[in-house]
Amino acid sequence: MRAAFDALGDWTAHVGGGQDPAADAADDAHPPGHRHLRAVFISDLHLGTPGCQAEALLDFLKHHPSDHLYLVGDIVDGWQLRRRWFWPQAHNDVVQKLLRRARKGCRVVFVPGNHDEFARAFVGHSFGGIEVAEDTVHTTADGRTLWVTHGDYFDGVIQCAKWLAYVGDNLYEFTLKLNRYLNTLRARMGLPYWSLSAYLKGKVKKALNYVTDFEVAVAAEARRRGHGGVVCGHIHRAEMREIDGTLYCNDGDWVESRTALVEHMDGRLELVQWHAPAPQRAASPVAAEATV
């Protein structure tokens with residue numbers, strides 16, 4: 001265990017690149033119109049896969065500095081990396097960005113998910129200032145407590161038939177690959193980005209039932225623990241709504257939707273989707289009712 005801990009520490013030191021004054025200065029130079037937030041919650045980056053939209057994430061983080069940053073699982077896709085190594089510079093830049101955030105005073109908490117479950121062996125440790133926790137609780141500026149968990153423990157497929165989850169993961173990767181080719185063609189035709197996998201999920205009744213059951217189960221556990229709400233990821237579906245009096249927040253993903261949950265300085269919560277039109281980028285609410 002100690003050897004594995006030291007190896008992971010060496011890896012974070014390598015990808016973090018050490019203290020770089022020029023990089024730190026660039027990180028501090030936030031663009032005009034940026035919003036300093038109290039907290040940012042992101043999950044399901046899936047670093048290590050071609051589907052990860054690392055450049056968009058880097059741009060989002062640059063425009064949204066915060067006092068707290070929660071990495072709500074599936075940050076690194078260990079499942080895919082075991083099959084095939086894929087780690088371009090942009091993915092390295094994301095890790096460097098997160099380490100710089102921690103070094104510059106932002107509290108960064110990493111709650112591992114099922115795709116980066118290897119990190120659960122290091123719960124209670126800190127790497128480059130990034131805390132690793134099984135789960136955590138965030139208290140908003142207006143006094144609400146939010147339980148922060150990835151959510152895979154409430155997925156019956158993950159817990160009871162993990163082999164099926166691996167099969168589904170391969171099919172999902174194939175869909176994303178097909179989606180990239182499709183959107184390359186759409187871009188040449190001047191059409192906007194469109195998610196094939198999100199469309200297919202929306203058309204399958206069983207998938208919708210699965211999502212609803214997941215949301216209800218996670219909210220119920222947060223309520224049982226005495227919290228006013230929960231923040232999770234896992235199902236790649238950004239959502240914010242009340243379930244039986246408990247606030248359910250899912251921050252989405254950075255493979256398809258490019259979404260995050262943010263807390264403003266007054267405690268107001270908002271789901272944002274990061275659009276990246278050239279040459280200017282902008283953030284917008286996922287839905288008008290998604291601000292609480």
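For a quick check of your reading of the model, give me the residue pairs whose first member lies in the stretch 166-191 and is surrounded by 11 or more Cβ atoms within 10 Å (Cβ to Cβ) and hydroxyl-bearing (Ser, Thr, Tyr), whose second is in a helix (DSSP H, G or I) and modelled with pLDDT under 70, with beta-carbon atoms closer than 9 Å and at least 6 apart or on different chains.
Tyr172/Ser197; Thr175/Leu196; Thr175/Ser197; Thr175/Leu200
Go through the stretch 241-255 residue by residue and tally those that are closer than 20 Å to Arg268 by Cβ and within 15 Å of the chain's Cα centre (by Cα). Step through it out loud before you land on a result.
From the stretch 241-255, those closer than 20 Å to Arg268 by Cβ are 241-243, 245-252; that's our starting set.
With within 15 Å of the chain's Cα centre (by Cα) added as a condition, the list becomes 249-252.
Qualifying residue count, the stretch 241-255: 4.
Please find, within the stretch 40-96, the residue that is farthest from Gly267 (Cα to Cα) out of those that are polar (S, T, N, Q) and crowded, with 17+ Cβ neighbours inside 10 Å.
First, pick out the residues of the stretch 40-96 that are polar (S, T, N, Q): 43, 49, 53, 66, 80, 89, 92, 96.
Next, only the ones that are crowded, with 17+ Cβ neighbours inside 10 Å stay: 43, 49, 53, 66, 80, 96.
Values: Ser43: 20, Thr49: 34, Gln53: 28, Ser66: 13, Gln80: 37, Gln96: 28 Å.
Out of the qualifying residues, it is Gln80.
With Lys97, Lys104 as the choices, which residue is of a type in the set (D, E, K, R), over 21 Å from Ala222 (Cβ atoms), modelled with pLDDT of 95 or more and within 19 Å of the chain's Cα centre (by Cα)?
Values: Lys104 fails: within 19 Å of the chain's Cα centre (by Cα).
Result of the check over Lys97, Lys104: Lys97.
Which ones in the stretch 219-233 are assigned to a helix (DSSP H, G or I), surrounded by fewer than 24 Cβ atoms within 10 Å (Cβ to Cβ) and not basic (Lys, Arg)?
So the first thing to find is which residues in the stretch 219-233 are assigned to a helix (DSSP H, G or I), and the list is 219-224.
The next check asks that each one be surrounded by fewer than 24 Cβ atoms within 10 Å (Cβ to Cβ); those that pass are 220-221, 223-224.
Hits for the stretch 219-233 are Ala220, Glu221.
Taking the criterion of being within 14 Å of the chain's Cα centre (by Cα) and of a type in the set (Asp, Glu), would at least one residue in the stretch 73-80 satisfy it?
Going through the stretch 73-80, the residues within 14 Å of the chain's Cα centre (by Cα) turn out to be 73-77.
Now restrict to residues that are of a type in the set (Asp, Glu): 74, 77.
Taking every residue of the stretch 73-80 in turn, at least one turns out to be within 14 Å of the chain's Cα centre (by Cα) and of a type in the set (Asp, Glu).
For the stretch 239-255, state whether one or more residues are modelled with pLDDT under 95 and under 15 Å from Leu58 (Cα atoms).
So far as the stretch 239-255 goes, yes, one or more of its residues are modelled with pLDDT under 95 and under 15 Å from Leu58 (Cα atoms).
Any residue in the stretch 119-131 that's at positive phi: show its pairings with residues that are in a strand (DSSP E or B) and at pLDDT 95 or above at Cβ separation under 8 Å, as long as the two are six or more apart or on different chains.
Listed pairs, sorted by first residue: Gly124/Val132; Gly129/Val108.
Can you confirm whether Gly143 is modelled with pLDDT of 95 or more, over 20 Å from Ala39 (Cα atoms) and assigned to a loop (DSSP other than H, G, I, E, B)?
Working: modelled with pLDDT of 95 or more: yes; over 20 Å from Ala39 (Cα atoms): no; assigned to a loop (DSSP other than H, G, I, E, B): yes.
No, not satisfied.
Anything in the stretch 234-257 that is assigned to a strand (DSSP E or B) and of a type outside the set (Asp, Glu)? List them, or say none. Break it down stepwise before answering.
Within the stretch 234-257, the first condition is being assigned to a strand (DSSP E or B), and the residues that meet it are 239-243, 246-250.
Passing the criteria: Met240, Arg241, Ile243, Thr246, Leu247, Tyr248, Cys249, Asn250.
Take the stretch 257-268 and flag every residue that is surrounded by 23 or more Cβ atoms within 10 Å (Cβ to Cβ) and out of contact with any Gly (no Cβ under 6 Å at 6 or more places or on another chain). Walk me through how you get there before you give the answer.
Of the residues in the stretch 257-268, the ones surrounded by 23 or more Cβ atoms within 10 Å (Cβ to Cβ) are 259-261, 263.
Answer for the stretch 257-268, where residues must be surrounded by 23 or more Cβ atoms within 10 Å (Cβ to Cβ) and out of contact with any Gly (no Cβ under 6 Å at 6 or more places or on another chain): Ala260, Leu261, Glu263.
Of all strands (runs of 3 or more DSSP E) completely enclosed by the stretch 97-139, which ones contain at least 3 residues that are surrounded by fewer than 18 Cβ atoms within 10 Å (Cβ to Cβ)?
On the way: elements: 107-110, 130-132, 136-139.
Answer list for the stretch 97-139: 136-139.
The values are calculated or read from the model by the stated rules, or taken from the named source; none is laboratory data. These numbers were taken from a predicted model, which means no experiment stands behind them. A quick note on method: Cβ atoms are made from the backbone with ideal geometry, for glycine too, and the neighbour counts reach across all protein chains shown.
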